[in-house]
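Inspection log for the structure reproduced underneath, given as structure tokens.
The values are calculated or read from the model by the stated rules, or taken from the named source; none is laboratory data. Model, not experiment: these values are computed from the prediction. For neighbour counting, all protein chains shown are included, and Cβ atoms are generated from backbone atoms with ideal geometry for every residue, glycine included.
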Amino acid sequence: MQAPVSLLSPLGYSNNSCGYCHNNSGSFSYYAKTRKLQPEFYQGLLDRGWRRSGTLLYKPDLRKSCCPQYTIRLDSHQFHPTKDQRQVVNRFNNFILGHTYTKEAARLYPKSREQAKKRNTNFDLQERIHEGEKEQIKTPPEPAHSLTVTLETDEFTEEKYTIFENYQRIVHHDPPSKISRGGFKNFLCSSPLPRSTSTIDGKTKHLGSYHQCYRLDGKLVAVGVLDLLPKCVSAVYFMYHESVHSHGFGKLGALREISLAKEKGYQYWYAGFYIHSCVKMRYKGDYSPQYVLDPETYSWILFDEKLRRKLDEKKYVSEAQSTTESSDQDPEAGTNHTTTDSDSDDDDTIPIFERSMPGLLSKSDILTKAPLNNIKIRVGQSDHETHELISWENDSVMDTNSIKGIIAELVSAVGIRLAGEMVVYFR
């Protein structure tokens, strides 16, 4: 049986308008397309600063972009909810249960003094986040409302689209012309990540893309779009209906995803990119402790006040020393510290590994340490290795229009290990 593969089609380096500060050409990234992406492989991409939007993969150039996008993550085992976050959960549970149920249940199902004391002094997120769910509630009596939360496949349904349309129109103020079923499908449905399920230490662990659906009194009111990977719950998008806005569903969704990461053994919660200059993203720092991925060394740095002050002072921050690569440096870490002037950096003929973009393999590493001549490439229905291509020996990695140059850029962006696992295809 053929081993699972991840298919990548390189698109190259380019700039686009920024969706945050609205600079017409200030957002720079390296791009690739994918038809199939194994969860393990995508985990590796995330940990090198990549992200996906539908089937489009992109790695932002943090040094050159107007609004640098930093990968952040939270360790669910270290997380302690704030007073405000605890209150949001408690208030929503009280809404679901209702005063009548709470009063009657206290009489029918009394807690011991020890249980009551523990509840009053210890907030267990995993316990509280499920407290209002229908299957967790003891009956009789009946609660005021019925809440169900289910993990479902990421297929399109009209029910989900209704939530998306309402959220984009009410919360993001998108005009009707920018909201479509096709856009919803491409962005949040039909992911390239295949789904699978395994049982580890008695815990059922899902991998792939899913929709976490929240139903209140039988009606869908919110959807969390998730990529479940070996070591994380990656939050793709969260949307809710305007009718539940007052319940703080954005916070409830984040807390439930953090709880899922801990319950099912994913450990980490990835909240997407963090942009320090974007006020709307400041909320991500409310869930702590968060760690920021260093764009050069790919180590995780605690997102504390010291780092915040650095980001206040300058857009681009890295713990790496601004020295040229040394021979004993880990080749899997980004080694590209090339500094070029803005004019030459805008030249389309310059390979990305010769630009100022951080976190890339250098030309030397591509030629001597990466499996450049043995990269798998799909031709028709069969897979071959790059050295089998007729033009391969005569091509140069410096020629961005040659197959060798195009693949060398992709290798530089994904790193040595992932380069050996991917299969390249051209559309």
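Assorted remarks:
- For first residues located in region 198-217 and modelled with pLDDT under 95, partners that are aliphatic (A, V, I, L, M) and lie 6+ apart or on another chain with Cβ distances below 8 Å form the pairs Ser198/Leu207; Lys205/Leu228.
- Ser243 vs. criteria at pLDDT below 95 and out of contact with any Pro (no Cβ under 6 Å at 6 or more places or on another chain): no
- Pair list, Cβ under 8 Å, 6 or more apart: region 303-319 residue part of a loop (DSSP other than H, G, I, E, B), other residue among the polar types (S, T, N, Q): Phe303/Ser288; Phe303/Gln290; Lys315/Ser277; Ser318/Thr297; Glu319/Thr297; Glu319/Ser299
- Restricting attention to region 9-27, the residues that are within 20 Å of Cys67 (Cα to Cα), out of contact with any helix residue (DSSP H, G or I) (no Cβ under 9 Å at 6 or more places or on another chain) and surrounded by fewer than 21 Cβ atoms within 10 Å (Cβ to Cβ) total 12.
- Residues of region 374-427 classified as closer than 17 Å to Gln38 by Cβ, among the β-branched types (Val, Ile, Thr) and surrounded by fewer than 18 Cβ atoms within 10 Å (Cβ to Cβ), total: 1
- Residues in region 113-127 that are out of contact with any Asp or Glu (no Cβ under 7 Å at 6 or more places or on another chain) and at pLDDT 90 or above were compared, and the one that is nearest to Thr139 (Cα to Cα) is Glu127.
- Residues (of a type outside the set (Gly, Ala, Ser), touching a Ser or Thr at 6+ places or on another chain (Cβ under 7 Å) and in a strand (DSSP E or B)) located in region 20-30: Phe28
- Filtering Ala116, Ala105 for residues that are touching a Lys or Arg at 6+ places or on another chain (Cβ under 7 Å) and either farther than 22 Å from Gly265 by Cα or touching a residue at least 12 places away in the same chain (Cβ under 8 Å) (or both) leaves a single hit, Ala105.
Yes or no, residue by residue, for (1) more than 22 Å from Asp84 (Cα to Cα); (2) touching a residue at least 40 places away in the same chain (Cβ under 8 Å); (3) among the acidic types (Asp, Glu):
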site: Glu242; (1), (2), (3): no, yes, yes
site: Gly250; (1), (2), (3): no, no, no
site: Ala254; (1), (2), (3): no, no, no
site: Ile258; (1), (2), (3): no, yes, no
site: Asp294; (1), (2), (3): yes, no, yes
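- Verdict on Gly98 being more than 26 Å from Lys314 (Cα to Cα) and either in contact (Cβ under 8 Å) with a residue 40 or more places away in the chain or of a type in the set (S, T, N, Q) (or both): yes
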